[in-house]
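The values are calculated or read from the model by the stated rules, or taken from the named source; none is laboratory data. In this text, all values refer to a predicted model and were calculated from it rather than measured experimentally. Positions of Cβ are backbone-derived with ideal geometry, glycine not excepted, and every protein chain shown enters the neighbour counts.
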Amino acid sequence: MEAHDDRIETAHRGTIGPVPGKPVTDQRLRDLALLRRVRDRIDREYAQPLDVEALARGVNMSAGHLSRRFRLAYGESPYSYLMTRRIERAMTLLRRGDLTVTEVCFEVGCSSLGTFSTRFTELVGVPPSVYRKQAAEETNGIPSCVAKNVTRPIRNREARTGPPVIP
């Protein structure tokens with residue numbers, strides 16, 4: 001086994017790497033299919049306790065490799081994607097207005113109100129309690145499917161400066 005051969009070294013570490021004798025594009029397609037499975041699992045199970053290690057085990061990758069490949073494919077880490085999904089669902093629940101911020105926090109799978117509020121504020125631009133008050137007024141009379149698209153959070157800390165803009 002030669003130390004400079006990346007294929008052997010990668011396979012030895014237990015991560016997904018190029019398969020000898022197969023074109024690299026085939027391997028990339030397999031990796032993308034696995035990453036899509038991870039993303040789909042996050043979309044389905046966002047309210048469940050999920051962590052990068054559990055997601056990686058589900059597709060037989062190391063957590064570090066999954067994080068690197070996911071970021072390359074989707075522009076953000078699996079954890080960031082999970083939190084975005086949770087915040088999107090929280091926005092919907094807060095617009096409904098029948099749950100408290102704490103109830104919404106736990107309903108979407110967050111275990112810490114502080115982390116939930118911080119991440120919500122980063123993505124949406126206002127704290128959940130403020131959003132709840134503003135959104136109820138601003139989306140009144142708009143079909144929920146339209147309100148969901150208009151008020152979707154912006155990823156990668158590019159929060160709006162002010163209330164959601166409704167055309």
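Among the candidates Leu72, Leu99, Leu50, the residue that is at pLDDT below 95, in contact with an Asp or Glu (Cβ under 7 Å, 6 or more places away or on another chain) and at negative phi is uniquely Leu99. Once region 120-136 is narrowed to residues that are at pLDDT 95 or above and within 28 Å of Val38 (Cα to Cα), the residue that is surrounded by the most Cβ atoms within 10 Å (Cβ to Cβ) is Phe120.
Selection over region 38-56 of residues that are over 13 Å from the mean Cα position of the chain (by Cα) and surrounded by 13 or more Cβ atoms within 10 Å (Cβ to Cβ) gives a count of 2. Of all residues in region 71-121, those satisfying the criterion of being basic (Lys, Arg) and touching a residue at least 12 places away in the same chain (Cβ under 8 Å) are Arg85, Arg86, Arg89, Arg95, Arg119. The requirement of being at pLDDT below 95, surrounded by 15 or more Cβ atoms within 10 Å (Cβ to Cβ) and not basic (Lys, Arg) is satisfied by Thr84.
Among the residues making up region 87-112, those that are part of a helix (DSSP H, G or I), under 16 Å from Gln48 (Cα atoms) and aliphatic (A, V, I, L, M) are Ile87, Ala90, Val104.
Cβ-Cβ distances below 8 Å connect the following pairs, each with a first residue in region 40-52 that is among the charged types (D, E, K, R), a second residue that is outside any helix (DSSP H, G or I), and a separation of six or more residues or different chains: Arg41/Leu50.
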